[in-house]
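Inspection log for the structure reproduced underneath, given as structure tokens.
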Amino acid sequence: MLPLVIMVPVKITNLSKYFNNHSVLNKINLSIKSGYMLGLTGSNGCGKTTLLKIISGLILPDEGTVEIFGQDVNYEKHLIGFVPSDERSFYFQLTGRQNLEFFGSLYKVDNLKVKIDYLLSHFNLTDTANIKYANYSSGTKQKFQIIRALLHTPS
């Protein structure tokens, strides 16, 4: 009989991250099983966002590994849609649409214009898409961040 191999969607092993010789994450080990939700809580500056950015492949750890379905996260970024809490991740001088076009091109999204139009319509942002990002309310900025996270059709 062959052994049963159960794939863990997210596996973090001995993950560490330093900023200016200050340890933000120190030897984190975590497995997130399929179907489970996880909440991260903690004080400001304790590493919650840093951990999420590493899991999503936006920044690299100094030590350790992150695997998504058994593969290094840097090869599986397309499986992840990430909505950061920091609205500075968009270009304020560009319009909402221009930002989506830019980020969609980084992911090499097929039929990008059609996909953007569909998502803008779904989020009721078609009429405001050509306004500079700097002029949006916080809620509208969050909607654009969600659209960006969905553009490449993550798993």
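All of the numbers you see were taken from the coordinates with simple rules; none came from a lab. What you are looking at is a predicted structure, and each value in this text was computed from that prediction instead of being measured. Counting neighbours? That spans all protein chains shown, and the Cβs are built from the backbone with ideal geometry, glycine included.
I'd like the trypsin sites (Lys or Arg not before Pro) in the range 5-38 restricted to DSSP loop residues with at most 12 other Cβ atoms within 10 Å, sorted by number.
Working: sites: Lys11, Lys17, Lys27, Lys33; in loops: Lys33.
Those that pass, being in a loop and sparsely packed, are Lys33.
Using Cα centres only, tell me the gap between the range 20-48 and the range 130-155 in whole Å.
Going from one Cα centre to the other spans 25 Å.
Which of the listed residues, Gly35, Ser16, Ser138, is farthest toward the dipole's positive end in the chain, when Lys, Arg count +1 and Asp, Glu count -1 at the beta-carbon?
Ser138
With r as the distance between the Cβ atoms of Leu60 and Glu101 and R0 = 30 Å, compute the FRET efficiency 1/(1 + (r/R0)^6) and round to 0.05.
On the way: r = 26 Å, r/R0 = 0.88.
So the FRET efficiency works out to roughly 0.70.
In the range 97-128, which trypsin sites (Lys or Arg not before Pro) are in a loop and have at most 10 other Cβ atoms within 10 Å, using DSSP for the loop call?
Details: sites: Arg97, Lys108, Lys113, Lys115; in loops: Lys108.
The qualifying sites are Lys108.
If you place +1 on the Cβ of every Lys and Arg and -1 on the Cβ of every Asp and Glu, how big does the dipole about the Cα centre of the chain come out, in debye to the nearest 20? Spell out each step's value before the answer.
Working: 16 positive and 11 negative charges, 43 e Å.
Its charge dipole is roughly 200 debye.
Add -39500 (n - 2.57) for each DSSP H run of 4 or more in the chain, then divide by its residues: what number comes out at 222 nm, to the nearest 500 deg cm²/dmol?
Working: 4 runs with 43 residues, N = 155.
After summing the helix terms and dividing by the residues of the chain, the value is -8500 deg cm²/dmol.
Less than 28 Å apart at the alpha-carbon level, and either on another chain or at least 8 residues along: which lysines does that give for Lys17?
Result set, ordered by chain and number: Lys27, Lys33, Lys48, Lys53, Lys77.
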